[in-house]
Structures are given as structure tokens and as C-alpha cells.
Amino acid sequence: MIQQYLLGALAGVVVTAFAALAAHRLASVKAMGRLRSGADRQVETLTRANAAQSELIALHEQEKQDLDAAIAQLCEDLQQQSDSADEVRSELKAAVEGKDQLAHKAAQLAAEAARLKALASTFERWHEQMISLMTQNQDMHAKNRELSSIVRHVVIVSLNASIEAARAGTAGRGFAVVASEVRALAARSEELSKSYRDSLHRNDLTTTATFQDIQAGGKMITASLSSVESLANQFQSTLH
Amino acid sequence: MICAHAKDSIERIFFKAAKSRLTMDAGDACEIVAADAHGAHSMPDANLVILTVSGIAFRLLLILHFDEEDERTRQYFIKKESERPFLEVFLEICNLCCGAVNQELLHYFPDLGMSTPYVLSARCMPYLEALKPEFLASYAVTINGAISLGATICMCAHAPIDFVAEVSAVEDTSGELELF
């Protein structure tokens, strides 16, 4: 009886154990299913997350490449600007040197113009020679006037001689010829004296006009040189 | 080589200069009329004051005829400066007159120079032709109907001269000191 009870109990235990095992297996399968389902969802989520991450990575990679390219371009631009700056610097240096040279040349030009203005004294010296020449001309005028006076006197003397010769009659015939000859010579001398006077007047005018032209031309040159000097000085002050 | 416009301009410039500088008072009348080619012939005892304005392409001789022995002329010009010799005063006036011509010409010819005056006998006048002038004109200048002067413009050019002067009708009587 006890054995039966025991067998019955044992059988009950076994049945229970099987039932429990089946229940456990069922529960396990269900739990496994739930877990697998959850895992699948998580895998899917993770896959999507992974895909999004990959897209982000690709985007960032693209941005990085763009940035690298931009940096390279900027580096290149910087280099070019640096080269340009060097060129500009050297050109500026050359320009500054050129400006200094121009200022130096302007100073030289002004000094040269100032020096050449001294030519005025040369022209004045030439003009002074005119005064000397004209004084000589005046002296020749005076001598010619004296000569003319003498010639007029000779004409009168020769006329008187002719009159006296006529009074002497036949004896004075030879003397009359001489007196006539003297009068002819006096007339030629008078003509020569007039011609000489005219030449002196012509000479006065030509000499005066020529030397005044030299003097005025000298002043013109001096004024022009002053203008050049002034312009050179202005140019020099502009450069400094 | 000297065109008609230029000759006319020079004549007008001279007229303006003569009327403003040869008169001692602003109110004095100055009449200028054309004379024969050698104006000095009408003043046989005259002397000449010669001045030259030189440019790059031309020279202009301004010749003023005066009779130093004429008492009215002497009195007119030295009345304010009786202590100075007539010739000195008259040369200064001629210099002012030529200076005014020079100043006016400077508007058209930037490079000009002017000589100092010199006195010659009027017997030199016939020889102006020897300078081969391209413009030669003489004038009789009468101041206040009593003072007689002569003037001759003799211009020689070796390049074409062409300009038209805009000489104002208003007489400029302001003094400009021309040193010589």
C-alpha cells in the first residue's frame, strides 16, 4: 500500500515533473521568443542606428574632404598673396628709390637752372660792348662833322681862288685850273663825308638793334631759366 | 609771316600802352594817328628812343620820336620832377610804355625779354629797312593837342606770327615799376 502510495506519489512527482518540465519548456520557449523578438528589434534598431551613423560618418568624411580642399586652396591663396606682397614690396622699394632719384634729379635741374641764370651777366657784358661801340660811333660822327666842316671851308677857299684867278686874267689861267680841281676834290670829299655819315647812322641803328636783341634775348632766357628752376623746386618739394 | 590779325593786335596793344603810359595824368588826351612809313620825317630834329622786346620767333622795336629842344614837350614830362633831367624822365616813361606792351604780349608769348632804352638820331630811321621788318608802321602821337611825339613799330619775325589780342578798352593807369 505504501508502495502504491509511493509509486502513485512517484508517478505524481514524475507527472508533475514532466508537467513542470513542459511548462518550463513552454515558458522557456515563450521567454526565448520574447527575448529573440526583443533582440531582433534591438538588432534592427541598432542596424538603423548603424546606417545613420555610417551616413553621418560619410557626411563628415565629405565635409572633412571639403575642408581639406578649402584649406589647401587657402594655403595656395595665401602663398600667392605672400608672393604678391613680396612683389609689391619690391616694387615699392624700387618706386621709393626711383622717387629719391627723381628728387635728386629735380634738385640737380634746379641747381643747373640757377647756375645758367648767371648767363644774364654774359648778355649784359655783350650789351655793355654796345655802349663802347656806340661811343666809338659818336666819336666817328664828330670827326666826320669836322671833316665836313673842313670840306665846306675848302669849297669856299677854292671859290675864292677861282675868283682871284679870274681877276688875274691870262696870268691866272693856270691857277684857275688848280682852283677848279680843288673845288672838284672838295665836292667829292663832301659826297664821301655824307656817305660816311649815312653809313654811321646805319651802323648806329644796326648796332643798337642787334645788341638790344641780345640784351632782351638774355632776359628772356634768364626768365625762362627762373621758370624752370621754380618748377624743378616745386617738383622736388612734391617728392619729399 | 606776320598775319593781319597779329599786326592789328600789336597796333592795339601799342595804342593802349601809349595812351596809359605816355600821358602824365590819367585825364590827359592822347591822340594817335597813322603817319608815313618813316614818321620821324615830320620831326626832322627829333631824336629816337629805341627799345626792343625779343621773343623766340620775333623781335619788336618800339621807337619813340621826340624833340628834346621843344619846350612844351620838356615841360610836360618834367613838370612833376623838375630836379631830374628831361632825358632821364622821358627814358623812364618810354620804358614804362614798352613794358606795358611787353606785359600784354606775355599773354600770348610766354618767353619774352625787354631791352633797356637807347637814344639815337632820327637820321637812323631810313635804315630800319635794313632790319628787314615784316611790320613797319609809324604814328603821330599828340598829347592834349599840344605835345607832339612820334612812334614807330618795327617787327621782324623768322616764323609765322598769328594771334588775336584781347585788349580791353578800359585804360589801365595803374603804375608798374619797370627798372632799367
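Look at the dipole of chain A built from charges on Cβ: of A:6, A:106, A:230, the Cα furthest out on the positive end belongs to A:230. Here the simple spin-label model places points 7 Å from the Cα toward Cβ, and for residue A:129 and residue B:142 these points are separated by 4.6 nm.
For residue A:143, the lysines whose Cα falls under 20 Å of its own Cα, not counting residues fewer than eight places away in the same chain, are A:194.
With both bridge residues required to lie in the protein assembly as shown, what share of the DSSP beta bridges run antiparallel, to the nearest 5%? Once the DSSP bridges in the protein assembly as shown are tallied, antiparallel ones form about 95 percent. Rounded to the nearest 20 debye, the dipole size of the range A:119-239 about its Cα centre is 580 debye, using +1 on the Cβ of Lys and Arg and -1 on the Cβ of Asp and Glu. Residue by residue along B:48-54, Cβ atoms of other protein chains within 10 Å of the local Cβ number 5 on average. Note on the protein assembly as shown: Cα-Cα pairs beyond 32 Å make up 64% of the total pair count. The fraction of Cα-Cα pairs per 5 angstrom bin, counted from 0 for the range A:119-239, comes to 2, 10, 12, 11, 9, 8, 7, 7, 6, 5, 5, 4, 3, 3, 2, 2, 1, 1, 1, 0, 0 percent, rounded to whole percents. Here the dipole of chain A is about 580 debye; that uses its Cα centre as origin and unit charges on the Cβ of Lys and Arg (positive) and Asp and Glu (negative). Here's the picture: charge each Lys and Arg Cβ at +1 and each Asp and Glu Cβ at -1 in chain A, and of A:155, A:174, A:218 the one pushed furthest to the positive end of that dipole is A:174. When the distances between all Cα atoms of the range A:1-116 are binned every 5 Å from zero, what whole-number percent does each bin get? The distribution over the range A:1-116 is 3, 8, 6, 5, 5, 5, 5, 5, 4, 5, 4, 4, 4, 4, 3, 3, 3, 3, 3, 3, 2, 2, 2, 2, 2, 1, 1, 1, 1, 1, 0, 0, 0, given as percents.
Let me test this: with uniform point scatterers at the alpha carbons of chain A, what is the Debye-based log₁₀ I(q)/I(0) at q = 0.10, 0.15, 0.17, 0.18 1/Å? Calculated log10 I(q)/I(0) at the listed q: -0.91, -1.13, -1.21, -1.25. I need the Debye-formula profile for chain B: one equal scatterer per C-alpha, no solvent, reported as log10 I(q)/I(0) at q = 0.10, 0.14 1/Å, two decimals. Here log10 of I(q) over I(0) equals -0.35, -0.71.
Placing unit charges on the Cβ atoms of the charged side chains and taking the dipole of chain A about its Cα centre, the candidate lying farthest along the positive direction among A:18, A:118, A:201 is A:201.
Could you check what % of the DSSP bridge pairs in chain B are antiparallel, to the nearest 5? Numbers along the way, then the final one.
Details: 37 of 38 bridges.
Antiparallel bridges make up about 95 percent of those DSSP assigns within chain B.
Rounded to the nearest 20 debye, the dipole size of the protein assembly as shown about its Cα centre is 860 debye, using +1 on the Cβ of Lys and Arg and -1 on the Cβ of Asp and Glu. Among A:95, A:142, A:39, which one shows the biggest mean-square fluctuation in a GNM of chain A, springs joining Cα atoms closer than 10 Å? So, out of A:95, A:142, A:39, the one fluctuating most is A:39.
No value in this document is a laboratory result; all are computed from the given coordinates. Keep in mind the model is a prediction, meaning the values are calculated, not measured. With ideal geometry, Cβ positions are generated from the backbone for all residues, glycine too; neighbour counts draw on all protein chains shown.
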